[in-house]
1. Hey, any hits in the range 184-198 for a residue that's in contact with a helix residue (DSSP H, G or I) (Cβ under 8 Å, 6 or more places away or on another chain), in a loop (DSSP other than H, G, I, E, B), at pLDDT below 95 and open to solvent by less than 20 Å² (accessible area, probe 1.4 Å)?
2. Within the set of pairs 6+ apart or on separate chains, which have a first residue in the range 192-209 that is under 14 Å from VAL158 (Cα atoms) and in the same structural domain as GLY153 (by TED's automatic domain parsing), a second that is in a loop (DSSP other than H, G, I, E, B) and open to solvent by 60 Å² or more (accessible area, probe 1.4 Å), and C-beta atoms under 9 Å apart?
3. Out of PHE333, PHE275, which single residue is crowded, with 20+ Cβ neighbours inside 10 Å, within 16 Å of the ligand (Cβ to nearest atom) and farther than 30 Å from ASP429 by Cα?
4. Against the definition (of a type outside the set (A, V, I, L, M, F, W, C) and under 17 Å from TRP239 (Cα atoms)), how does ARG404 come out, yes or no?
5. Could you list, in sequence order, the residues of the range 368-427 that are open to solvent by 50 Å² or more (accessible area, probe 1.4 Å) and among the acidic types (Asp, Glu)?
6. Look through the range 191-237, keep the residues that are over 18 Å from VAL60 (Cα atoms) and polar (S, T, N, Q), and return whichever of them is farthest from the ligand (Cβ to nearest atom).
7. As an exercise: evaluate GLU207 against (1) at negative phi; (2) buried (at least 21 other Cβ atoms within 10 Å of the Cβ) and give the number of the one condition it does not meet.
8. Would you kindly identify the strands (runs of 3 or more DSSP E) lying entirely within the range 275-347 that contain at least 3 residues that are under 27 Å from SER203 (Cβ atoms)?
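The values are calculated or read from the model by the stated rules, or taken from the named source; none is laboratory data. Please read these numbers as outputs of a predicted model, since none were measured by experiment. Here the Cβ is made from the backbone with ideal geometry for all residues, glycine too, and neighbour counts use every protein chain on show. With ligands, DNA and RNA removed, areas are computed over all heavy atoms of the protein, side chains included. Shrake-Rupley method; radii C 1.70, N 1.55, O 1.52, S 1.80 Å.
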Amino acid sequence: MAEHSNGGRTAIVIGGGLAGMLAVTALVGHVDAITVVERDRYPQGRTFRKGVPQARHLHVLLTGGQHALDELLPGTLAALTDAGARTLCMPRDLITCMATGWQRRFHEPRHSLLSITRPVLDAVVRERALAAAVASPTRVDVLEATEAVGLTGDAGRVTGVRVRPRDGAQGARTVRELPAELVVDASGRGSRAPQWFAELGRSAPREETVDAGLAYVTRMYRPKDPATAPDAGINIPGWAESPRGAVYVPVEDGNWLLTMSGVRGHHPPTDEAGFTTFSATVGDPYIHELLARAEPLSPVHGFRDTCNRRRHYERPGALPEGFLVLGDAGCTFNPVYGQGMSVAAIGALAVRRTLAAGGGLRPGTAARAQRAVARAAQTAWVTAAGADRPYARPEDGRASLVERLNMRYLERFLARAAIDPVVGAAFRDVFCLTAPSARLVAPRILLRTLFLPRRPAHSTPPLTVETV
Ligand SMILES: Cc1cc2nc3c(=O)[nH]c(=O)nc-3n(C[C@H](O)[C@H](O)[C@H](O)COP(=O)(O)OP(=O)(O)OC[C@H]3O[C@@H](n4cnc5c(N)ncnc54)[C@H](O)[C@@H]3O)c2cc1C
């Protein structure tokens, strides 16, 4: 058992981002000490940092993620709202254009998106996670500007982490070893755990990818006259005949974020003029028209690594003792579905529940927790990978017959969801991660999707809220 310098059981969390802080929250009370190893130095204010490059882009927290976050760290949703987060009830406050037209707009108090810039969200969660730890019996230390460069142990068991300071004099940048009973990899989509496994003499977990080759661009705006700003966010996802998408949502401080995307062959440009021109080529001109009434506040930021990728650490024999993977390090999603942070929160809650049910950290607990983390990601994986399958690369494998049938069904389902509140509710339950994907084919939903007559949705953006 790894001893902290003060004695007791220790855990190390690699990565002090969102999943890392949620891992701390899940572990608090179950170990005596936690050391978070974070490559960056946190900024003074709630601002951008290099280690989370995607933080420039629009991030929303889905209902399922909100519930998990508030259970892990009670009061965090209120703290995010105090920090300026906007709550967008669906479908009232986010109007959506699909292949068949604009979705109906009404109030249905089941789901909301929490919209806030990512640096503020991360800072609020970090502050609250560390404050909660101070009030617990677990001691938490954060080693900033410290990079994990490998693991210690052998093929069967991880016993610690090799770390190196990132700043300081060259001579001071020597590698040292930190022992731990449990190491949690929360280092994000760039995780090097598979390579570190090879250094320990074990094979990497099986990896699955579905890559739509999507590229992202984002710019921040402020409406010139707040009185004429739209009263809802706008979502125009791409579809087969128009594989370019745009989402324009309010965030804190009266600002708005516009993120646009396109699959292979439709990548949005990262220059300012090209950005504006591209906005006119998505499935509906509404957002492009709104830009004339807004002033840009930021440069255009791009992002390309948007592949759906999951590593099957939960499979029998895939995980050494003393190791656990959380967040993007284990499973990343095409960001257009807005799922990654929610899945990290649902996964962290699953870890906490596994620890509580098993009486804390014992042999086999990490493997059980890893299976719970994988289950927590399943709905998001099925929906994101399923929706992206038509755009996947040949090396991602051919779609099976079942996947091809799913794709045909999904197309009809989305068309029906736009006009039918019952089918729409099922859509939101699954895509907001509060129901398993089986809800998409529940008998009532299946019948309405397949047998009710096809009708087009609204041809223009629904600017008023209807009563249903
Ligand atoms: C363009 C884009 C838009 C997105 N939009 C959404 C959205 O709307 N909603 C949503 O839920 N999700 C969204 N996501 C996904 C979301 O960003 C991730 O799911 C989330 O950041 C995962 O958190 P994480 O802590 O696992 O990883 P990260 O947030 O990437 O954090 C990883 C941390 O580990 C640190 N680190 C990395 N390597 C090391 C090392 N070797 N040693 C020490 N520290 C290390 C990094 O500095 C960082 O602090 C989006 C992603 C992208 C790319």
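1. no
2. PRO194/SER203; PHE197/SER203; LEU200/ASP154; GLY201/ASP154; ARG202/ASP154
3. Just a single option satisfies the conditions, and that option is PHE275.
4. yes
5. Within the range 368-427, GLU395, GLU403, GLU411 qualify.
6. By that ranking, first place goes to THR228.
7. Just one mismatch for GLU207, condition (2).
8. Working: elements: 294-296, 301-303, 308-311, 323-325.
So the answer is 308-311, 323-325.
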